[in-house]
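Inspection log for the structure reproduced underneath, given as structure tokens.
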Amino acid sequence: MAAAGSKTKPNAKRSVLSGNSNPTPLHMDVVSVRQEIGEEIMGWVACCILIALLLPMGGMLYLDILDAKNEVKAQAEKVERLRREIERKERDKTTGTKL
């Protein structure tokens, strides 16, 4: 039994200092952290102006895209109608019938 000895746990490796060495809290003045009121107001005004300009511009672009899309659709229908008409005329020529 002498070989068994006392069972002690090995010390765990720690990255944080143990003991009574707590870091002191940092005290910051609220005034020094806070920005000046004028800068905050200018930021809000700039944000509102950007939104007031970008939203109508985006709306105009969207309407312009819708108009172009409708125009392309109408042109495609016309081309398809003309293609069918030409195919019908060629078919009539080959068969020799006339409508």
- For the range 56-99, name all the residues that are of a type in the set (Gly, Ala, Ser) and assigned to a helix (DSSP H, G or I). Gly58, Gly59, Ala68, Ala74, Ala76
- Item | Among residues of the range 59-99, those that are of a type outside the set (S, T, N, Q) and over 39 Å from the mean Cα position of the chain (by Cα), counted | 16
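Values quoted throughout were computed directly from the atomic coordinates according to the rules given, and no laboratory measurement underlies them. In this text, all values refer to a predicted model and were calculated from it rather than measured experimentally.
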